[in-house]
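Data first, discussion second: the structure below is written as structure tokens.
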Amino acid sequence: MINQDAIKQHLRNILPGALNINITMLGSGVHGTGFLADIESAAGRKRYVLKALFAEGLGHDYPSDRAASFLLDLDEFGNIPKHVAALDVLAEMDNGTIKSVGGGKEYYLLMEEASGTNYFHDLRLMAEKKSLDDTDRSKIKLLAEYLAEVHSVKKESRALYWRKLRDNIGHGECLMGVFDSYPDGVLSYRQMAEIEKLCIDWRVRIKRKAHRLCRVHGDFHPGNIWFNSAGDDFVVLDRSRGPWGDAADDITALAINYVFFSIMLKDSYEGAYKQAMDEFLKVYVDATSDSEIFEVAAPFLAFRAAVVANPIFYPELTESGRKKILSFIRGVLHEERFEPGKIADYINTDITTAAA
């Protein structure tokens, strides 16, 4: 389970004078396994414990999850009385070596620069058009076919599928976290809870569809899509929230923007925006034969709609427009499946909710 040779070498590097290092397993619990490192040196004998977390379930599915857990341990073990000390966090690299990653107080991601124009630009221009032009249709086709390719990679893991459904509702960057960032007065706590509870009901309904687990981008919104000057290719940014999930997560991340920009700039769902939505979904379903996506889209749409309705993220949206988006959320969640042809009805949904 652990690379003993690499760990022993790392311990020799940081503990000069170590004569003999013996590593044995102490035992396993619910979360992981403990190992004893018994080190003999000229200065005496020292004993340390290594902890490794299991790689699936309980929120530890990805290496970054396990790193986050251990970094929190390193920060906090010493901040209450009588707690054993945490000394470091060790990372095993692809080449089998071990290095220290502990002690940091902030972390940074270094990446390549993206060039071009993000897809928000195209969405704003659609407000000036009665119908889509060839450039719009070409870009929509590229985006839909790209997602079809991404989603073609499948994986069998009920735990990861259930995690995506859980994270979509309860993660700090998803529905509940977004609602917690709303300024007071936009929605009452009871109204937020109503939407959250409806999404939990949807989670129960969808849990049996773990066969849908596939590779995803995880945050496929217009700001993360940058087209080149010719408009015939693009790059994507900021893949996040795990590499596996339901295709509906990516589809709704982009699709909600055709509804949102139409409401924000036209005060209704119509024209080029409606055509864009229909075209995007048609190309995707034709490429994947995934008509089941409409049976699972509702809670993902709810999260994405909550994002665009947030006045912190989009302060230019009018109060009237925000109410339309929030009505859209309730309308979608109260249906048995998402029907693109009923989007105008969802926007005008009048469902009584508790105001306090």
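Remark: pairs (first residue in the stretch 272-296, under 14 Å from L142 (Cβ atoms); second residue modelled with pLDDT under 95; Cβ separation under 7 Å; 6+ apart in sequence or on different chains) are absent. The combined condition, being within 13 Å of the chain's Cα centre (by Cα) and either on the phi > 0 side of the Ramachandran plot or exposed (fewer than 15 other Cβ atoms within 10 Å of the Cβ) (or both), is not fulfilled by G185. Report whether or not F338 is within 29 Å of R215 (Cβ to Cβ), modelled with pLDDT of 95 or more and in a loop (DSSP other than H, G, I, E, B). Considered against the rule, which asks whether it is within 29 Å of R215 (Cβ to Cβ), modelled with pLDDT of 95 or more and in a loop (DSSP other than H, G, I, E, B), F338 comes out as yes. If you go through the stretch 66-74 one residue at a time, do you hit one that is closer than 20 Å to R166 by Cα, among the small types (G, A, S) and either assigned by TED's automatic domain parsing to the domain that holds N20 or modelled with pLDDT of 90 or more (or both)? Yes - at least one qualifying residue is present in the stretch 66-74. Under the condition of being in contact with a Lys or Arg (Cβ under 6 Å, 6 or more places away or on another chain) and assigned to a loop (DSSP other than H, G, I, E, B), the residues counted in the stretch 269-320 number 1.
The strands (runs of 3 or more DSSP E) found wholly in the stretch 1-78 include none carrying at least 2 residues that are of a type in the set (D, E) and touching a helix residue (DSSP H, G or I) at 6+ places or on another chain (Cβ under 8 Å). With respect to D167, is the statement that it is touching a Gly at 6+ places or on another chain (Cβ under 8 Å) and buried (at least 20 other Cβ atoms within 10 Å of the Cβ) true? Considered against the rule, which asks whether it is touching a Gly at 6+ places or on another chain (Cβ under 8 Å) and buried (at least 20 other Cβ atoms within 10 Å of the Cβ), D167 comes out as yes.
The values are calculated or read from the model by the stated rules, or taken from the named source; none is laboratory data. Bear in mind that the values here come from a model prediction, so they are computed numbers and not experimental data. Backbone-built Cβ (ideal geometry, glycine too); neighbour counts: all protein chains shown.
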